[in-house]
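The values are calculated or read from the model by the stated rules, or taken from the named source; none is laboratory data. The structure presented is a predicted model; accordingly, all values stated were derived computationally and were not measured.
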Amino acid sequence: MAKSLSSARRKQLIVGLVMGIIVGVVISLFTGFWLWLAAGVVMGLATGAIMKPPTE
């Protein structure tokens, strides 16, 4: 059975995803290469998954 994500962990993944999208869009606009958006999303998700969630 899969455990549900804690609230802090879920917020952390969402923040990582949003930051990755922002970074990907900015780099894509500067370079004109749209695949940077996908790389930014992956980077954001990886960062959100690796980081330790803050204590509540």
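Looking only at segment 7-29, how many residues end up being polar (S, T, N, Q) and at pLDDT below 90?
Of the residues in segment 7-29, 2 are polar (S, T, N, Q) and at pLDDT below 90.
Out of (1) at pLDDT below 90; (2) within 8 Å of the chain's Cα centre (by Cα), the odd one out for Ser4 is which?
Status for Ser4: all satisfied but (2).
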